[in-house]
Amino acid sequence: MSERLIGRRLLRQEDPRLVTGRGAYVTDLVLQGTLHMALLRSPHAHALITHVDADRARRVPGVIAVFTADDIRDVGPLPVLTHPPGQRQTGFPVLPADRVRYVGQPLAAVLAETRYVAEDGVDALDVTYDPLPVVADVTQATAPGAPKLYDDWPDNVVVSREIGSGDPDTVLATAPTVVEAHFTMPRQTAAPMEGRATCARLDGATGELTVWASSQAPHLFRTVLAGVLRLDEERIRVIVPDVGGGFGVKLHYYPEDVLVAVAAMRLGRPVKWVETRTEHFAATVHAREQHVQARAAFDAHGTLLALRAQVQGDVGAHLHTKGAGPIFLGGVVLPNLYAVRHFKAKLEAVVTNKVPFGAYRAFGMQQAAFVTERLMDMAARRLGIDPVEIRRRNYVPPTEFPYRSAANLVYDSGSYAEALDEALRIADYGGLRAMQARARADGRLVGIGVANYVEVTGMGPSKLMAAMGNRQGGYESATVRLEPSGRVTVATGIIELGQGIRSALAQVAADVLSLPYDRVVVVLGDTARTPYSCYGSADSRGSVTGGAAVLRATSALRQKLLRVAARLLEADEADLEVVDSQCRVRGAPGRGLSFAALAQESLRGQNLPDGMEPELEARFTYNPENWTFPYGVHIAAVEVARDTGRVHLLGYWVAHDCGTMLNPMLVDGQLHGGLAQGIGGALSEELRYDAAGQLLSRTFMDYAIPTAETMPPITIGHIETPSPHTPGGMKGMAEGGTIGAPATIANAVADALAGAGVDAAAVAAYPLTPPKVFALLQTAGA
């Protein structure tokens, strides 16, 4: 075991259990006497609630209880966890008492012996509404005289912010080349394989409320629930079993979570609610939708001189758990990898009569990359510069790190040109261009697209987050304990969502302690057994904050082992080494003690160094000083069908830098999975509403996620520039595939359509569905 484990492609510890059908999710939980919950949801996008009659529902055989807003007056609102200056909203109701603001908003909960009976009870509820004018989109919401969603607000802008530095307006006024466009990004949803699910049980003897939830952040779930229910937090235990995907939507706290807990407490029986797929579309947070007006200035050589943007994000009916975070985070990464010094952006969050928006993999950064990378391609075409070359000319050079961007972020490390060269190498860029030339000679519309992105990962520095109005800490803690058997137990608040973080943390601990990977057990997802985590699994932070905490805690445990071993072996600590699950005298392999022997001797407590406690355990809390900034370069080759507008991906290549890779196989898996979501977002996924605020995309028949047939051959290359401030050098890596795909594919489609005479600036929105692409072809008479 003297071989290093960090950096090796080890198989995931959890896979044998999952692939043999032994996974256990909230829906699999069977508790005696469980009641099931169903929700009445608003059929109106905007209406006053004039009357609610639950009498008939309560008389349905098998219905145990009905809760309306009147029944939970003692329950507080759910909090918005970001409060930047000027924000007009800090919470939202569990059940509205007087007004609904989106189709799908819960109005009442029915508890019954079965889910079927609960749904019958929902059908028996009688509610009278007085419809109000509907605000269906951002354009309508910000028009003069628009109906207001909140009567005491002057308009429909819930929060706004101006960011940036320099003087882009002056530069834009005098620059030789200016490109501009209005970009539109669609409303999308995460659609994890497992929807939301919550189960709660009250122990009448102890007063402890146990909640099982498919959540990305159980400790904060407990904190929020305690506040809303006005309970002592230590009376609540939250357990997260296996999770079938989260992607951000399970960072949020929803009315259903509170109602399950309220019902369990009041009725004295376990209560379960499992989201249907239709409910996911109609009630789980949406994401992405933005309108961006952007301008960029360039000199004759293609140097990016200035960037100015106005971003309007559609946040739906009210701010949800994460507030306007995706709009603001997307805004600060608009400068991308480029050394532009004049940049400003106005960022606005606008309410409409739609499902509230929130976190989804790429958290605003996908939209930012789309805007900046489309502008770079438009400028390259205008100036007659290869799209690869214009990017290379604008990169922040390696000697400038740490680099403070024009948006006031401090990029930690990078070698952007090296990543570009790696992408060109693995894609055989010259060969792709030659293939494109041959295809065009045959009349085929083939395009090559290139795009960069930067990620903000490893959330994050707690004090900086507080200054931004974020009411969550970004630290992460880990405890590492040597068991009497010689095995090691690691516990942390990070959550396993399918990304493999349990295995990655085991790999870190095993590497530091030089013991077999399968001798490490990682405990996650239980507030009673793990250290407090204020943020959970999000923002690609598992390997950064969780990995750093485990690395430092395990290193501290290693030092304790050496102290105990030195005492027992009557040797100097400097003469000892940790090898193959033992501490031994260097150069004397027969003179050593196994981890099991050290653990057992420590627990006896009879021959320990002065001042050392008996148990061999260490804890470390890592509070990062900065975010980490992984990045990448994507290349895509596409062919567009002239007769249908269908976009076919011929190949996809990614060069990625996430600092130190704990397990390259896990990194590749995250990039592949992220690409699937990014490709779906680029080509087919869109939540559509009509003018009355009715959601038209309610099933997978209407919301087309990618299939195996959609996915192209994917090649991934890696470079590693470790983060200088993260113990171990890790950066996040889970979102890069999703961030870069729409921009890359749009650039490739624009390049292909140029062969038919379509103006490249016309490709300013996604998804690039066949009807939309065909319409672009028609504008050129192709």
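The values are calculated or read from the model by the stated rules, or taken from the named source; none is laboratory data. A quick note: this is a predicted structure, and the numbers were derived from the prediction, not measured. All Cβ positions, even for glycine, are placed from backbone atoms using ideal geometry, and neighbour counts span all protein chains on display. Only protein heavy atoms, including side chains, enter the accessible area calculation; ligands, DNA and RNA are left aside. Shrake-Rupley method; radii C 1.70, N 1.55, O 1.52, S 1.80 Å.
Which one is most open to solvent (accessible area, probe 1.4 Å) among residues in segment 234-256 that are within 20 Å of the chain's Cα centre (by Cα) and of a type in the set (D, E, K, R)?
D242
If I filter segment 705-716 for residues that are assigned to a loop (DSSP other than H, G, I, E, B), of a type in the set (D, E, K, R), at pLDDT 95 or above and surrounded by fewer than 18 Cβ atoms within 10 Å (Cβ to Cβ), do I get at least one hit?
Within segment 705-716, none of the residues are assigned to a loop (DSSP other than H, G, I, E, B), of a type in the set (D, E, K, R), at pLDDT 95 or above and surrounded by fewer than 18 Cβ atoms within 10 Å (Cβ to Cβ).
Going by the structure shown, is G469 more than 23 Å from S723 (Cα to Cα) and open to solvent by less than 20 Å² (accessible area, probe 1.4 Å)?
Criteria met by G469.
Go through (1) assigned to a strand (DSSP E or B); (2) buried (at least 24 other Cβ atoms within 10 Å of the Cβ); (3) among the small types (G, A, S) for A294 and report which single condition fails.
For A294, the failing item is (2).
I'd like the full set of residues that are in a loop (DSSP other than H, G, I, E, B) and among the polar types (S, T, N, Q), limited to segment 113-164.
Pass one, segment 113-164, residues in a loop (DSSP other than H, G, I, E, B): 113-114, 125, 132-137, 142-156.
Selection gives T114, T142, N156.
Six or more apart or on different chains, Cβ under 8 Å: which pairs go from a residue in segment 666-690 that's on the phi < 0 side of the Ramachandran plot to one that's open to solvent by 30 Å² or more (accessible area, probe 1.4 Å) and aromatic (F, W, Y)? Could you list them?
Q677/F247
Of everything in segment 166-185 that's open to solvent by 40 Å² or more (accessible area, probe 1.4 Å) and hydroxyl-bearing (S, T, Y), which residue is nearest to D137 (Cα to Cα)?
My answer is T184.
Kindly provide the set of residues from segment 276-310 that are among the acidic types (D, E) and under 21 Å from E686 (Cβ atoms), ordered by number. Spell out how you get there, then give the answer.
Of the residues in segment 276-310, the ones among the acidic types (D, E) are 279, 289, 299.
Within segment 276-310, E279, E289 qualify.
Pick from P335, P356: which is over 23 Å from Q472 (Cβ atoms) and not small (G, A, S)?
Among P335, P356, only P335 is over 23 Å from Q472 (Cβ atoms) and not small (G, A, S).
Search segment 705-717 for residues that are under 13 Å from G673 (Cβ atoms) and pair each with any residue that is outside any loop (DSSP other than H, G, I, E, B) and open to solvent by 40 Å² or more (accessible area, probe 1.4 Å) when their beta-carbon atoms are under 8 Å apart and the residues are at least 6 apart or on different chains.
Between residues of segment 705-717 that are under 13 Å from G673 (Cβ atoms) and residues that are outside any loop (DSSP other than H, G, I, E, B) and open to solvent by 40 Å² or more (accessible area, probe 1.4 Å), the close pairs are I714/H672; I716/H672.
Please pick out the residue among A109, A57, A24 that is in a strand (DSSP E or B), small (G, A, S) and either in contact with a helix residue (DSSP H, G or I) (Cβ under 9 Å, 6 or more places away or on another chain) or more than 21 Å from H286 (Cα to Cα) (or both). Break it down into steps so the answer makes sense when it comes.
Numbers: A57 fails: in a strand (DSSP E or B); A24 fails: in a strand (DSSP E or B).
The conditions single out A109.
Could you run through segment 265-290 and say how many residues are polar (S, T, N, Q) and part of a strand (DSSP E or B)?
If we filter segment 265-290 for residues that are polar (S, T, N, Q), which is where we start, we get 276, 278, 284, 290.
Then keep just the ones that are part of a strand (DSSP E or B); that gives 290.
Number of matching residues: 1.
Assuming A734 fulfils every condition listed in (1) surrounded by 19 or more Cβ atoms within 10 Å (Cβ to Cβ); (2) within 23 Å of A439 (Cβ to Cβ); (3) of a type in the set (A, V, I, L, M, F, W, C) apart from one, which condition is it?
A734 satisfies all of (1) surrounded by 19 or more Cβ atoms within 10 Å (Cβ to Cβ); (2) within 23 Å of A439 (Cβ to Cβ); (3) of a type in the set (A, V, I, L, M, F, W, C) except (2).
I'm trying to understand the selection: among the residues of segment 737-782, which are open to solvent by 10 Å² or more (accessible area, probe 1.4 Å) and among the polar types (S, T, N, Q)?
Within segment 737-782, T769, Q778, T779 qualify.
Mind listing whichever residues of segment 611-633 are open to solvent by less than 50 Å² (accessible area, probe 1.4 Å) and either touching a Phe, Trp or Tyr at 6+ places or on another chain (Cβ under 7 Å) or without any contact (Cβ under 8 Å) to a residue 40 or more places away in the chain (or both)?
Result: Y622, F629, Y631, G632.
Determine which member of the set L666, L603, L671 is open to solvent by less than 10 Å² (accessible area, probe 1.4 Å) and part of a helix (DSSP H, G or I).
L671
Would you be able to say whether some residue in segment 501-516 is within 24 Å of V249 (Cβ to Cβ), touching a residue at least 60 places away in the same chain (Cβ under 8 Å) and assigned to a loop (DSSP other than H, G, I, E, B)?
no
Whether any residue in segment 404-415 is aromatic (F, W, Y), open to solvent by 10 Å² or more (accessible area, probe 1.4 Å) and either in a strand (DSSP E or B) or at positive phi (or both) is what I want to check. Quick ask: steps written out before the conclusion?
Our first condition is that a residue be aromatic (F, W, Y); within segment 404-415, this holds for 411.
Filter once more, so that each one left must be open to solvent by 10 Å² or more (accessible area, probe 1.4 Å): none.
No.
Residues of segment 651-663 being crowded, with 18+ Cβ neighbours inside 10 Å and in a strand (DSSP E or B), which ones?
Y652, W653, V654, A655, H656, D657, G659
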